[in-house]
Every structure is written in structure tokens, then in C-alpha cells.
1. How many residues does the stretch 101-123 hold that are among the acidic types (Asp, Glu) and farther than 15 Å from ARG89 by Cβ?
2. Report, by residue number, each residue of the stretch 184-223 that is assigned to a loop (DSSP other than H, G, I, E, B) and touching a residue at least 24 places away in the same chain (Cβ under 8 Å).
3. Could you check the stretch 1-55 for strands (runs of 3 or more DSSP E) lying wholly inside it with 3 or more residues that are surrounded by 14 or more Cβ atoms within 10 Å (Cβ to Cβ) and at pLDDT 85 or above?
4. Can you say whether SER127 is out of contact with any strand residue (DSSP E or B) (no Cβ under 8 Å at 6 or more places or on another chain) and of a type in the set (Ser, Thr, Tyr), as far as the supplied structure shows?
5. Might you check whether a residue that is surrounded by 18 or more Cβ atoms within 10 Å (Cβ to Cβ) and modelled with pLDDT under 85 occurs anywhere in the stretch 174-182?
6. Where residues in the stretch 193-243 are within 23 Å of the chain's Cα centre (by Cα) and among the acidic types (Asp, Glu), which of them is surrounded by the most Cβ atoms within 10 Å (Cβ to Cβ)?
7. What number of residues within the stretch 77-97 are crowded, with 17+ Cβ neighbours inside 10 Å, under 29 Å from ASN224 (Cβ atoms) and free of Cβ contacts under 8 Å to residues at least 60 places away in the same chain?
Amino acid sequence: MMKKILIIILFFFLTNSLLSQNGVRKIYFSKGKLESAVSFSNEVLDGNSKWYYENGNLKTEKTYSSGVLNGWVREFYGNGLLKEEHFVRNGVLDGISKTHFDNGALKEVKTFDKGKLKGIKSFEYDSLFVPTLELFVGRNKKISKKDQEEFICEIDVCPHPIGGIEAIEKNIIYPIIEKQNKVEGFVLVTAFINKKGIAEKINIIKGAGESFDIAAVNAVQKTNFIPGINNNSTVNSEVTFRVNFKLKK
């Protein structure tokens with residue numbers, strides 16, 4: 001009996017010691033990608049904390065001081081474009097607050113003074129607005145070696161899917177007959193990606209049969225891209241890559 005009590009006391013002691021540690025606590029998605037990195041000091045939120053999408057782009061960023069929001073609070077769309085940003089001083093909105101449409105264009109600007117709304121200005125949606133590279137502030141700036149090798153273009157940085165080549169593979173609807181007969185293959189395509197990261201035109205360079213070709217085009221059309229970059233600016237561009245059809249083992 002005494003042994004069990006000692007084990008329970010030791011368990012709670014060790015648990016409490018671990019929980020009372022300071023620093024950044026990280027949580028990961030099931031596939032091992034970082035989901036959040038939250039900063040604590042004496043078990044209280046303190047410092048810069050970040051939450052992420054599974055594609056590696058920032059989702060939310062907040063700064064705390066002794067458990068209270070104190071600094072910029074930013075939220076992002078999945079493609080890395082800024083969605084909202086507010087300045088909070090000691091838990092109260094203070095200064096400029098901005099919201100953006102999903103294409104990066106400014107939607108609304110509010111001005112606060114110690115929590116009191118002093119002014120507001122709204123903007124109409126501009127469908128022709130093209131975001132510059134600087135507006136993709138929440139994007140994952142690391143382009144994997146795999147993506148660098150698999151995407152070919154004639155500009156400084158090729159357009160690439162948000163979330164990498166896996167993003168295209170997730171959008172593949174495997175042709176039924178080929179799946180039943182355990183047929184695999186690949187389709188080589190060239191896609192024209194506009195400044196908004198949308199695949200406007202897709203050409204088959206080397207096909208693998210009508211079913212695979214159609215499935216490849218549909219998968220690329222469903223995928224959102226980070227636009228290509230040339231001379232530090234986002235540009236319309238063409239990129240060539242393979243769409244692989246592999247059955248899960």
C-alpha cells in the first residue's frame with residue numbers, strides 16, 4: 001500500500017515539474033508537421049506564439065505579456081496572405097486594425113484609442129487586385145528540395161503548390177478501372193499559373209492514357225499555388241511537373 005502511495009506522489013511530482021517548465025511548447029499534426037509553438041513563462045502565456053496550417057503556412061500569430069495580449073495579433077489565409085492584423089496594448093485594441101479580402105486587397109481599416117473605436121474605413125472588393133510577394137507574409141518560406149527538383153520553369157522561383165507536391169496528390173481521384181487493375185503511371189504537364197496562384201491553363205506534355213490525363217488536369221485545377229517569383233516580384237508563369245499516380249500499399 002505504501003509503495004503505491006509513493007508511486008502516486010512521485011507521479012504527481014514529476015508531472016507538476018514537467019508542466020511548470022518554461023519555454024516554447026510545440027504540438028504537431030499527426031504527420032509530424034508543426035501545428036503550434038506557444039510560449040510560456042511560469043505557466044502563463046508570455047512571448048510570441050504561433051499556430052500553423054498543415055501546409056506549413058502561418059495561421060495565427062499572437063504576442064502575450066504575462067498572460068495578456070500585448071502586441072500584434074495576426075491571422076492568415078491558407079495561402080499565406082494576411083487576413084487580419086490588430087494591435088493590442090495590455091489586452092485592449094489600440095491603434096490600427098486591418099482586415100483583408102482573400103485576394104490580399106484591403107477590406108477595412110479601423111482606428112482604436114485604448115479600446116474605443118475612433119474611425120472606420122471600408123473598401124469594395126477589387127477582383128483585379130494582384131497581391132505582391134510581400135503580402136504573402138504568412139507563407140512557409142522553405143521550399144523543399146523535392147519541390148525544387150520536381151518543378152521546372154524559366155524564372156527565379158517556380159510556382160509551387162501550397163503544401164508541396166502532396167497537395168496535388170491529395171486532389172487526385174484515381175480512375176476506377178486503373179485502380180482495379182492496379183495500374184500506376186505519371187502524367188507530365190505544363191501549367192500556366194497566374195499571379196493569384198490559380199492554374200489557368202494546363203497542357204499534357206506526356207500522357208498516360210485518357211483516364212489518367214483527365215484525372216491529372218482535374219487535380220491540378222483544384223490545387224492552389226504560390227505564384228512564381230522573378231526579380232523579387234510575383235509573375236504569371238509556366239511550370240512543368242509530373243503528376244504521379246501511385247496506389248497505396
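1. As a first pass, look at the stretch 101-123 and keep what is among the acidic types (Asp, Glu): 102, 108, 113.
Next, from what is left, pick out any that are farther than 15 Å from ARG89 by Cβ: 102, 108.
Counting residues in the stretch 101-123 that are among the acidic types (Asp, Glu) and farther than 15 Å from ARG89 by Cβ gives 2.
2. From the stretch 184-223, those assigned to a loop (DSSP other than H, G, I, E, B) are 184, 194-198, 207-209, 222-223; that's our starting set.
Hits for the stretch 184-223 are GLU184, ASN194, LYS195, LYS196, GLY197, ILE198, ALA208, GLY209, LYS222, THR223.
3. On the way: elements: 23-28, 34-41, 47-52.
Because the criterion is at least 3 residues that are surrounded by 14 or more Cβ atoms within 10 Å (Cβ to Cβ) and at pLDDT 85 or above, the strands (runs of 3 or more DSSP E) in the stretch 1-55 that meet it are 34-41, 47-52.
4. On the way: out of contact with any strand residue (DSSP E or B) (no Cβ under 8 Å at 6 or more places or on another chain): yes; of a type in the set (Ser, Thr, Tyr): yes.
It is true that SER127 is out of contact with any strand residue (DSSP E or B) (no Cβ under 8 Å at 6 or more places or on another chain) and of a type in the set (Ser, Thr, Tyr).
5. Among the residues of the stretch 174-182, not one is surrounded by 18 or more Cβ atoms within 10 Å (Cβ to Cβ) and modelled with pLDDT under 85, which makes the answer no.
6. The extreme case among them is GLU238.
7. Total satisfying the criteria: 6.
The values are calculated or read from the model by the stated rules, or taken from the named source; none is laboratory data. None of these values were measured; they are calculated from a predicted model. Please note: Cβ atoms are built from the backbone with ideal geometry, for glycine as well, and neighbour counts cover all protein chains shown.
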